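The values are calculated or read from the model by the stated rules, or taken from the named source; none is laboratory data. Everything numeric in this text was worked out from a predicted model, so none of it was measured. Every residue, glycine as well, gets a Cβ built from its backbone with ideal geometry; the counts of neighbours run over all protein chains shown.
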Amino acid sequence: MTDESLVWRSAVDLAREIRGKKVSPVEVTDAILARIESLNPRLNAFCLVAADVARRAAREAEIAVMKGEPLGRLHGVPMSLKDVLYTRGIRTTGGSRLFADMVPEEDAIAVARLKSAGAVLLGKTNTSEFGFVAQTDNLLFGATRNPWNLACTPGGSSGGAAVAVASGLGPLGLGTDAGGSVRIPAAFCGVYGLKPSYGRVPEHPTFPGWDHVSHVGVIARTVRDAALVLDVIAGADDRDRRSLPREPGAYLDACEEEIKGRLVAWTPDLGYAAVDPRVRALCENAAAEFESLGCHVEVVNPGWEDPEALFRTIVSAQFYAAWSDQLPAVEPQLDPRLVSFIRRGGAVTAREYLAALRQVERYWLEAQTFLSRFDLLLMPTVAVPPFEGAPPREIDDREVSVLGWMPFTYPFNLTGQPAASVPAGWTDDGLPVGLQIVGQLRQDRTVLSASAAFESACPWSEHHPRI
């Protein structure tokens, strides 16, 4: 098997072939590390490549296979970790100069579970500082570039993970999503991004600031690869009291479930968003495919108000609580946009913060009532294709707010519902566009089954960027 073939193999296939002694984990890891060495200088997907750690783990994985030892579900499969995820013995910076030399003494829960399942950790992928903006750029490591057009952003803040997966630098990337940080870069890089239900994957330890909205998620080239990872990392842990118990059945099996007869709602704009016509057209066509899959698709206007103000109030106040004690002493080390955001949070009173949390509860009840009529809700993942420079403030001849380019993701961090981004297609100039699939609360299996059915009808995993 050639190196080129190995780097594009799915995680499901690699796990099976390594277990069956058809592929060597050392050979796979070496092929991917060679590709990282070749492409990462242009892409800046990885901010740390743990080559020695990965090769040692791959050798140990191969010995275990040859000895017939019990093997985990990801035994010998290489993957990357976003640089906000604590990794014992490996530098973890959060994309911040404040933590440029931090080496954690413990793994994040999800990281520990991946190691126990036999995954080979390639290194850390780039992020914005503490993941506070949905692009991937920081003062410590610089900007990550989109493999479909190096002048464009890959989105963020898990942009390094998405670029790595899209570019053949590993089949899997673990990220975090507090406002769209898994789904946005998945959409911008033409890969699959899954934000499980809130609490489905425990979080501990973490960088502070994202209470109530943060999820650990997966970026992969196939739906089944993401489901396999979720099978490994999901399930309660008492260190995170909000984490959910493990569900019966495998998420990978959910990818084989029938979706015929499902009730599906499609909205091009959630009733309030401005959307680029290219995005709208591609996502409308993708939503129509669910009719061909036997679903009943209804065009809807949920009638919800845009919760951007609630989201910004809550998160800015939490960032102020987390980081303001260090200001102004550390300001020169921080992204000026982050400093401004923290200071904005200082203007939020306790009354306003608690009122925003109460409004989120009302928003959830409205969303829950609406979605009780449907199994799934479809919409664009992002309102625009990948762009150069700063986010657009005008879309389809309409002025938009600061988050107006990403109006479809953060609402479902506030509600905690499972949501995924699947590639809906590519624009005429070759830029990826994503369709978001949202499920009812804790119905992760339904989102996975719908994603897998769409992937079977409209496969994307063989569509690779020409870097």
Point to revise | Verdict on GLY170 being more than 21 Å from TYR320 (Cα to Cα), of a type outside the set (Ser, Thr, Tyr) and in contact with a His (Cβ under 8 Å, 6 or more places away or on another chain) | key: no
Review point. Residues in the stretch 388-401: is at least one closer than 18 Å to GLN443 by Cα and not aliphatic (A, V, I, L, M)?
Key: no
**Study point:** Residues (surrounded by 21 or more Cβ atoms within 10 Å (Cβ to Cβ) and more than 25 Å from the chain's Cα centre (by Cα)) located in the stretch 332-347
**Key:** GLY345
Revision key, fill the gap. Of those in the stretch 263-320 that are charged (D, E, K, R) and without any contact (Cβ under 8 Å) to a residue 24 or more places away in the chain, the residue surrounded by the fewest Cβ atoms within 10 Å (Cβ to Cβ) is GLU291
Point to revise | Lone unmet requirement of (1) in a helix (DSSP H, G or I); (2) over 21 Å from the mean Cα position of the chain (by Cα) for LYS22 | key: (1)
Practice item. Please indicate, with yes or no, whether at least one residue in the stretch 123-135 is of a type in the set (Phe, Trp, Tyr), in a loop (DSSP other than H, G, I, E, B), in contact (Cβ under 8 Å) with a residue 24 or more places away in the chain and buried (at least 24 other Cβ atoms within 10 Å of the Cβ). Key: yes
Point to revise | The one condition in (1) in contact (Cβ under 8 Å) with a residue 24 or more places away in the chain; (2) surrounded by fewer than 24 Cβ atoms within 10 Å (Cβ to Cβ) that ASP253 fails to fulfil | key: (1)
Revision key, fill the gap. Within the stretch 244-264, the residues that are modelled with pLDDT of 95 or more and in contact with a helix residue (DSSP H, G or I) (Cβ under 8 Å, 6 or more places away or on another chain) are GLY249, ALA250, TYR251, LEU252, ALA254, CYS255, GLU256, GLU257, GLU258, ILE259, ARG262, VAL264
Exercise for review: Determine whether THR127 is more than 19 Å from PRO171 (Cβ to Cβ), at pLDDT 95 or above and either among the basic types (Lys, Arg) or in contact with an Asp or Glu (Cβ under 7 Å, 6 or more places away or on another chain) (or both).
Suggested key: yes
**Study point:** Residue match in the stretch 36-44 (condition: part of a loop (DSSP other than H, G, I, E, B) and closer than 23 Å to VAL232 by Cα)
**Key:** no
Review point. Is at least one residue of the stretch 136-149 in contact with a helix residue (DSSP H, G or I) (Cβ under 8 Å, 6 or more places away or on another chain) and not in a loop (DSSP other than H, G, I, E, B)?
Key: yes
Revision key, fill the gap. In the stretch 396-427, residues that are among the β-branched types (Val, Ile, Thr) and closer than 29 Å to ARG221 by Cβ total 4
Point to revise | Residue list for the stretch 326-360, filter: without any contact (Cβ under 8 Å) to a residue 12 or more places away in the chain and either in contact with a Pro (Cβ under 9 Å, 6 or more places away or on another chain) or among the hydrophobic types (A, V, I, L, M, F, W, C) (or both) | key: ALA329, ALA347, ALA350, LEU354, ALA355
Practice item. Sort through ALA186, ALA227, ALA164 and tell me the only one that's part of a helix (DSSP H, G or I), modelled with pLDDT of 95 or more and closer than 22 Å to ALA31 by Cα. Key: ALA164
Point to revise | Unmet requirement for ALA329, which otherwise passes all of (1) modelled with pLDDT of 95 or more; (2) surrounded by fewer than 17 Cβ atoms within 10 Å (Cβ to Cβ); (3) assigned to a helix (DSSP H, G or I) | key: (3)
Point to revise | Unmet criterion (only one of (1) out of contact with any strand residue (DSSP E or B) (no Cβ under 8 Å at 6 or more places or on another chain); (2) part of a loop (DSSP other than H, G, I, E, B)) for GLY261 | key: (1)
Check your understanding: Out of VAL163, VAL120, VAL182, VAL191, which single residue is surrounded by 24 or more Cβ atoms within 10 Å (Cβ to Cβ), under 23 Å from PHE341 (Cβ atoms) and not acidic (Asp, Glu)?
Key -> VAL182
Check your understanding: Of (1) in contact with a helix residue (DSSP H, G or I) (Cβ under 6 Å, 6 or more places away or on another chain); (2) more than 18 Å from VAL218 (Cα to Cα); (3) among the basic types (Lys, Arg), ARG91 satisfies all except one. Which?
Key -> (1)
**Study point:** Filtered residues of the stretch 215-241 (kept if out of contact with any Leu (no Cβ under 8 Å at 6 or more places or on another chain) and closer than 17 Å to PHE454 by Cβ)
**Key:** ARG221, THR222
